[in-house]
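Comments concern the structure below.
The values are calculated or read from the model by the stated rules, or taken from the named source; none is laboratory data. As the structure is a prediction and not an experimental result, all values here were calculated from the model. Here the Cβ positions follow ideal geometry from the backbone for every residue, glycine too, while neighbour counts run over all protein chains shown.
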């Protein structure tokens, strides 16, 4: 069969798109991807998503969205897209299990935060380790926080966290920042921000207690190892959009999909939503809104396609009746 719409990703953007397209009777197929539920699936308390005054757990929020989409007929499959042929319609999408065809495609595969690769870091994500100050900063009021990184993102995170933290310590592997001059100056001159230079984070304590209590650092020049008491760690070394299979087919800017006129890409019938194109906001609510936009754009595209096909068929039938 040829699907009317396939959606890559099952986070806020993907499931919002699924809700809208399913309610439009488009029977979307949702390929959940390598991070089912997106980054919210590894988040604990979510307090800034509208409609939940007491907050909600990240996994519960994405599961509710999924069930809502399924209620209207969305079909979720725990598969990862491995290849995509966008050279002609219907587009061909191949996973590790099957090959699917579709008249339209919504790419909502998100962007994965780049992590340090420490076992303790992975175990403590959502328990004191975060990749989003805007999302989680509120939970660290009057605490000592560490930010890892030296670019604009790290400086933005550190400056934002000063609203809540007792102290913010930035650790950077070099002896100068990579951030723009204005961002670097703001951070360097802030009374709540301190810097540890030429150092890397080697471990986070304590996974067994499911909380951040301290970090281990190593000076890359001297080799000296130290331990610093902190109650939160924010990793701010960048994000990687999950767009690898589209590198030669969609217009990308540093891996992010370039969109225009709403959610449209350079390929007619292909739309993008959420962190896969958003390098600025990266919030659950903005991703959900982008999923709505992509769904409406896809529905409009399919309506126009159907009208074009109907007109062509009528013309062909008229020609056959009057040779």
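Summary of computed values
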item	result
In segment 247-277, residue modelled with the lowest pLDDT [restricted to those that are closer than 13 Å to residue 111 by Cβ and surrounded by 22 or more Cβ atoms within 10 Å (Cβ to Cβ)]	275
Residue within segment 49-68 that is closer than 21 Å to residue 95 by Cα and assigned by TED's automatic domain parsing to the domain that holds residue 295 present	yes
Single residue of segment 60-74 satisfying the filter (closer than 15 Å to residue 284 by Cβ and buried (at least 16 other Cβ atoms within 10 Å of the Cβ)) that is nearest to the chain's Cα centre (by Cα)	62
Residue match in segment 14-34 (condition: under 20 Å from residue 243 (Cβ atoms), under 12 Å from the mean Cα position of the chain (by Cα), modelled with pLDDT of 95 or more and buried (at least 24 other Cβ atoms within 10 Å of the Cβ))	yes
Complete set of residues in segment 226-277 that are more than 21 Å from residue 302 (Cβ to Cβ), outside any loop (DSSP other than H, G, I, E, B) and free of Cβ contacts under 8 Å to residues at least 40 places away in the same chain	226, 227, 244, 252, 253
Qualifying positions in segment 204-237 - closer than 30 Å to residue 279 by Cβ and surrounded by 15 or more Cβ atoms within 10 Å (Cβ to Cβ)	204, 212, 215, 217, 230, 231, 232, 233, 234, 235, 236, 237
Any hit, segment 90-100, residues being touching a strand residue (DSSP E or B) at 6+ places or on another chain (Cβ under 7 Å), surrounded by fewer than 17 Cβ atoms within 10 Å (Cβ to Cβ) and at pLDDT below 95	yes
Hits in segment 114-147 (condition: part of a strand (DSSP E or B) and in contact with a helix residue (DSSP H, G or I) (Cβ under 7 Å, 6 or more places away or on another chain))	125, 129, 130, 145, 147
Single condition residue 231 does not satisfy, out of (1) at pLDDT below 95; (2) touching a strand residue (DSSP E or B) at 6+ places or on another chain (Cβ under 8 Å); (3) over 22 Å from residue 16 (Cβ atoms)	(1)
